[in-house]
Every structure is written in structure tokens, then in C-alpha cells.
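Read through the structure below, which is laid out as C-alpha cells, and then see the notes.
The values are calculated or read from the model by the stated rules, or taken from the named source; none is laboratory data. All figures in this text were calculated on a predicted structure; none of them were measured in a lab. So basically every Cβ, Gly included, is an ideal-geometry build from the backbone, and we count neighbours across all protein chains shown. All accessible areas refer to the heavy atoms of the entire protein, side chains included, with ligands and DNA or RNA removed. Shrake-Rupley method; radii C 1.70, N 1.55, O 1.52, S 1.80 Å.
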Amino acid sequence: MTSHSAIIAARSADQDVRQRAFATIVESYWKPAYKYIRIKWQATNEDAKDLTQGFFATAIEKDYFRSYDPDKASFQTFVRTCLDAFVANQRKAEKRLKRGGGAAHFSLDFGEAENELAQQLVSEITPAEYFQREWVRSLFALAVEGLRRHYSGKRNDVYFKLFELYDLREDSEPKTSYSALAAEFGLTTVEVTNYLAAARREFRKIVLARLREITATEEEFHNEARALLGVEIK
């Protein structure tokens, strides 16, 4: 089992540990789940909100994650399978968990998720591939936010700003140069090179830390790290 795994911590006898673990799992999976429900199940915006809230509330209440067996599938696949079963049961019963209806309620930015969904092309991939893609997108987005907080806390915002301008630009945006960044921030080209290298190392470290939290075994962690970053982690 991986250290710092929220999946393992979700089985803890300590309620505080379990709550922190559930919060990590929800943070990593709610947006892929919401978008997946909208795409695969063709749910309306309001229905998808209710189903997403209901799924995670029920997963926590009924301790879905305790039954996860890493020998059978990745945790990502397990979550998607549980989500499909939950939505199917809700549809079959022709009812859904209403928001604010007594179940746990999570503070989730559905507006942001809906805006992202409106800009995406999804017709050429399967729902399972879409869920996996959105899980990756969510993981990297959380890592970017973690990197921003890291440098903000150190009062070294320039590291993140350089990373944001150079590595996070949209493909449609013109590529800037190290020399242009140096002129903009009053740095030398060598300093820009070094700052970017440091930011990339820190970003990789944050991605791997988050990945450890949402994988249950060393094998799963290494497989996902290889797929995400194209490297072998020692």
C-alpha cells in the first residue's frame, strides 16, 4: 500500500482521518464525476448536480470505498463503476437525492465545471476515456493550484508566474521566449531558465504527492505516474 493514500485512510477507525481522506477523494473526483454524468447519462445540469452530490454522500455514508480491491481494477475504474451503478439505480427508481435533503452537502463549483464542459469536444471518445481524461485534468488542475500556493507562501510568486506564462499557455496562444520573460520580469535569461526548472521540479513533486493520495498500491501509483509523466519513479 502507498503511504499517504486517502483510499487507505478512508478505512481508518479514526473519524477525523476518514473525513480528511473522504475530502481528498471528493476533491479529486467530483468534477470528472459531474461531467461524466452530463455526458454519458445525458443528465441536465440540475440533475447532474444532484446526482454528483448524492453519489459522494452515499459513498461516504455506506462506505463504498472500503470494498475497493486493487487487484481487480484501478481506483479510478472502481469509482466510475460505482458511479454508473448509483446513477442507474437512481434512474430505475425514478428518484434522486435532492440537494439539501438531509444528506451530506459538498461545496462544489458546478458553474466552473459546466463552463469547462461547454468548451470541450467529447464526441470522438468513449465515456470511460472521457472520465479518465477528466480525472487527469482535475489532478493537474489541483497540482497547479498547489504550486501557486507553494510559491505564494514563500513570497516567490515570480516562479509561478513564469511557469504559468510559459508552461500553462493555451496551444492557440503565441509562444513566448525566455528572453522576453526575462525582460518582462527584470531577470536574466539564466535566471528564467533556473526558475522555470525549479518550478517544474516542484510541480512534478506536487503531482506525484497528489497521485499517491488517490492510489492504493505501489503498483497502481507507478503505473499512473508512468502514464501521466512518462517516467519511472524510484
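What do you reckon, is V87 modelled with pLDDT of 95 or more, open to solvent by less than 40 Å² (accessible area, probe 1.4 Å) and over 20 Å from the mean Cα position of the chain (by Cα)? Yes. Only a single item in (1) surrounded by 14 or more Cβ atoms within 10 Å (Cβ to Cβ); (2) at positive phi; (3) of a type in the set (K, R) is not met by R137, and it is number (2). On the stretch given as segment 207-234, residues that are open to solvent by 30 Å² or more (accessible area, probe 1.4 Å) and assigned to a helix (DSSP H, G or I) total 12. No other residue among E184, E191, E170, E164 is open to solvent by 50 Å² or more (accessible area, probe 1.4 Å), at pLDDT below 95 and either within 28 Å of Q119 (Cβ to Cβ) or not in a loop (DSSP other than H, G, I, E, B) (or both) apart from E170.
The set of residues from segment 43-86 being in contact with a Lys or Arg (Cβ under 6 Å, 6 or more places away or on another chain) and over 24 Å from G111 (Cα atoms) comprises just one member, R66.
Determine whether segment 17-31 contains at least one residue that is among the β-branched types (V, I, T) and in a loop (DSSP other than H, G, I, E, B). Talk me through it step by step, then tell me what you get.
Looking only at segment 17-31, we keep the residues that are among the β-branched types (V, I, T), and these are 17, 24-26.
With in a loop (DSSP other than H, G, I, E, B) added as a condition, the list becomes none.
No, every residue in segment 17-31 fails to be among the β-branched types (V, I, T) and in a loop (DSSP other than H, G, I, E, B).
The C-beta contact set for segment 189-214 (first residue closer than 23 Å to A9 by Cα, second residue of a type in the set (D, E) and open to solvent by less than 30 Å² (accessible area, probe 1.4 Å), distance under 8 angstrom, 6+ apart or interchain) comprises L211/E224.
Only one entry of A43, A113 meets the criterion of being part of a loop (DSSP other than H, G, I, E, B) and either at pLDDT 95 or above or open to solvent by less than 30 Å² (accessible area, probe 1.4 Å) (or both), and that entry is A43. Among residues of segment 72-91 that are over 22 Å from A21 (Cα atoms), those with a Cβ under 9 angstrom from a residue that is β-branched (V, I, T) and open to solvent by less than 20 Å² (accessible area, probe 1.4 Å), sequence gap 6+ or separate chain, pair up as V87/I37. Within segment 66-81, the set of residues being in contact with a helix residue (DSSP H, G or I) (Cβ under 6 Å, 6 or more places away or on another chain) and in a helix (DSSP H, G or I) comprises F75, Q76, V79, R80. The residues in segment 142-159 that are outside any loop (DSSP other than H, G, I, E, B) and either touching a His at 6+ places or on another chain (Cβ under 7 Å) or surrounded by fewer than 15 Cβ atoms within 10 Å (Cβ to Cβ) (or both) can be counted, and the count is 5.
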